[in-house]
Amino acid sequence: MKKYLMTPGPVPVSTEVSLAEARPLIGHRGADFSALFAGIETKLGRLLKTSGKTVIFPASGTGALESLSVNFTGPDTKVISVSCGVFGDRFREITALTGASIVNVDVTPGEGVNPGVVAEAVAKNPDASVLLLTQNETSTGVFNRVDEIVSAIPQKNRPLVLVDSVSSIGTMPCYPEEWGVDAVATASQKGLLTPPGLGLVWLSERGWDAVSKRKCNNYYFDLMRQKKDLYKEAPDNPYTPPVSLYYALDAALDEISSDGWFELRSRAARALAAGIDSLGFELLVKEEKFRSPGVTAFFHPSGDTSAIAKSLKALGVEPAGGQGKFKGKLIRMSHYHDVRWPEISLALGSLYAALGDHRARAGDFVRRAFEVWEAK
Ligand code: PMP
């Protein structure tokens, strides 16, 4: 049976991306590879609105996060870690392994991060040199306004701001240079609409300066080793890169850069949320301004969420479940890829079918979703 994939990574990739990935291999120490790499860098620069380059590791998002932790932190570092869910906790956990001392700022999962709370923690810990944030908390579908948080923190001697943007870049604006962010980490398999396998890391000038002054105890993830090859006239990698994934990423970046892409993603998210609400589900994220344009988390008030998810899968639609304290209690549907009205109606129609005994509670969900979709 054909499966309709709606997990928040991996996400369905287009035919163009799959065909690009299938191109014949080229050597990674030649002019053709350098040209491919340079082209990707130009496209990533446009996406992030920066002239700075992006390190690309053969790794998943966790590897990209680990590269930040091992290069920026160690036993001499005090870190403020803001977490609103499973992935904020993971970034904290990876960082703690470097021996850094951590100040925890915990936000209730399902709620967004209030910039004032972060500003207060920074003011109270003037000796903290690093601040960890999550732009999009995939476990709950919360999207945090990183720009507002960075503007709110005291600017004098402020900590270096490292952001987990694994599930945000490609789906919503992420302009680290403009926002005063010092490093972002992301991965290929979500908003970048590429198969899993690439972990990407961008650093500000201040970020590179800080990293150049520290000794990294990790060989593979040492960012200064990467920088040397990345900033050459014809860029390449210190170690063998997954060439096919570079082809795929190059093609995917053209899709993401089409006009109105970010607006389309949040429009699809709003229409889907309206339909889900009208079907009788409860959206986990109550405040609309914190709802992710990439992934929506919801549950059924009857407590039958996991049975409904099972029926949904039997129908051929594959969402993700809950994580951490929400294990078995949530359905998470992603809309990172080119989700428009046909995909929204497919998801809502399948949810209606999966409701079973709860179908009678469903409202006029197609009309409500379509009204939001049409309103733009
Ligand atoms: N951070 C966030 C916000 C994520 O969504 C994920 C993946 N779901 C990760 C980190 C970890 O990424 P990966 O599974 O690619 O290692």
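The values are calculated or read from the model by the stated rules, or taken from the named source; none is laboratory data. Being a predicted model, the structure only gives us computed values, none of them experimental. Neighbour counts are summed over all protein chains in view; Cβ atoms, including those assigned to glycine, are modelled from backbone coordinates with ideal geometry. Ligands, DNA and RNA are excluded from the accessible area calculation, which covers all protein heavy atoms including side chains. Shrake-Rupley method; radii C 1.70, N 1.55, O 1.52, S 1.80 Å.
In straight-distance terms, cross-link reach from K376 covers every one of the lysines whose alpha-carbon lies under 18 Å from its own, apart from those fewer than eight places away in the same chain; here that gives K289.
Taking 41 Å as R0, compute the FRET efficiency from the Cβ-Cβ separation of E177 and D127 and round it to 0.05. All intermediate terms of the calculation are to be shown ahead of the outcome.
On the way: r = 26 Å, r/R0 = 0.64.
So the FRET efficiency works out to roughly 0.95.
Each of L279, P196, L68 was placed along the dipole of the chain (beta-carbon charges, centred on the mean Cα), and the one lying farthest toward the positive end is L279. Between E148 and D32, the contour length at 0.36 nm per residue exceeds the alpha carbon distance by 37.6 nm. Note that the range 195-307 shows a convex hull volume over its alpha carbon atoms of 216 Å³ per residue. Here the range 46-66 and the range 302-373 have alpha carbon centers that stand 32 Å from each other. When the Kirkwood hydrodynamic radius is evaluated over all pairs of different C-alpha atoms of the range 122-243, what value in angstrom, to one decimal, is obtained? About 15.8 Å for the range 122-243. The charge dipole of the chain, taken about its Cα centre with unit charges on the Cβ of Lys, Arg, Asp and Glu (plus for the first two, minus for the last two), comes to roughly 480 debye.
Entry note, the range 15-256: relative contact order of 29 percent, from Cα contacts under 8 Å with a spacing of 6+ residues.
Taking T240, T54, T73 in turn, the Gaussian network model of the chain (Cα-Cα springs below 10 Å) assigns the largest fluctuation to T240. Fully extending the segment from E374 to D106 would add 92.7 nm, taking 0.36 nm per residue of separation and subtracting the current Cα-Cα distance.
Rounded, prolate or oblate: which one fits the chain, using the alpha carbon gyration tensor with axes a ≥ b ≥ c (rounded when a/c is under 1.5, else prolate when a/b beats b/c, else oblate)? It is oblate, given that a/c is not under 1.5 and a/b is not larger than b/c. Whole percent per 5 Å bin, from 0 to the bin with the longest distance: what is P(r) over all C-alpha pairs of the range 259-375? Result returned by the calculation: 2, 12, 24, 27, 21, 10, 3, 1, 0. For the range 241-261, backbone nitrogen atoms closer than 11 Å to the point 7 Å from R23 Cα along Cα-to-C-beta are found at 244-252. In the chain, the portion of solvent-accessible area held by carbon and sulfur atoms comes to 52 percent [1.4 Å probe, whole percent, DNA, RNA and ligands not counted].
Given the protein chains as shown and a 1.4 Å probe, how many square angstrom of D76 are accessible, to the nearest 10? Spelled out: D76, probe radius 1.4 Å, area about 110 Å². Largest mean-square fluctuation among G30, G328, G110, in a Gaussian network model of the chain whose springs join Cα atoms under 10 Å apart, belongs to G30. Could you pull out the longest piece of the chain with no exposed loop chymotrypsin sites (Phe, Trp or Tyr not before Pro) in it, calling a site exposed if DSSP puts it outside H, G, I, E, B and it has at most 13 other Cβ atoms within 10 Å? It runs 1-218. In the chain, helical runs assigned H by DSSP with n ≥ 4 each contribute -39500 (n - 2.57); averaged across all residues and rounded to the nearest 500, the mean residue ellipticity at 222 nm is -12000 deg cm²/dmol. Between Y4 and D76, the distance separating the two model label sites (each 7 Å from Cα on the Cα→Cβ line) works out to 5.6 nm. Multiplying the residue separation of Y231 and E93 by 0.36 nm and subtracting their alpha-carbon distance yields 46.6 nm.
The equivalent ellipsoid of the range 53-191 has semi-axes of 20, 17, 15 Å, largest first, where each one is the square root of 5 times an eigenvalue of the Cα gyration tensor. Bridge orientation summary for the chain: considering DSSP beta bridges with both residues in this region, about 50 percent are antiparallel.
Could you list, in their original order, any pairs among K124/K215; K156/K286; K49/K232; K190/K327; K78/K286; K124/K325 whose Cα atoms are separated by more than 31 Å?
Details: K124/K215 28 Å; K156/K286 34 Å; K49/K232 21 Å; K190/K327 21 Å; K78/K286 33 Å; K124/K325 29 Å.
The pairs that break the limit, which is 31 Å between Cα atoms, are K156/K286; K78/K286.
Once you treat every alpha carbon in the range 292-354 as an equal point and sum by Debye, what is log10 I(q)/I(0) at q = 0.16, 0.19, 0.20 Å⁻¹? The computed values of log10 I(q)/I(0) come out as -0.50, -0.70, -0.77. With the cut-off at under 14 Å, measuring from each backbone N in the range 196-236 to a point 7 Å along the Cα-to-Cβ line of S51 picks out 205.
Within the range 232-265, the GluC sites (Glu not before Pro) that combine a DSSP coil assignment with at most 16 other C-beta atoms in a 10 angstrom radius are E233. Distance from the Cα centroid of the range 226-243 to that of the range 252-299 is 36 Å (rounded to whole angstrom). Once C-alpha pairs closer than 8 Å and six or more residues apart are averaged by separation and normalised to the residue number of the range 66-128, the relative contact order reads 38 percent.
Applied to the range 246-260, the Karplus parametrisation 6.51 cos²θ - 1.76 cosθ + 1.60 on θ = phi - 60° returns per-residue 3J(HN,Hα) values of 5, 4, 5, 4, 4, 5, 5, 5, 5, 5, 5, 7, 5, 4, x Hz, with x for Gly and Pro. Across q = 0.15, 0.20, 0.21 Å⁻¹, the range 184-230 modelled as identical point scatterers on its alpha-carbon atoms has Debye log10 I(q)/I(0) values of -0.48, -0.76, -0.81, in the order of the q list.
Accessible area per residue for the chain, computed on protein heavy atoms with a 1.4 Å probe, is 42 Å².
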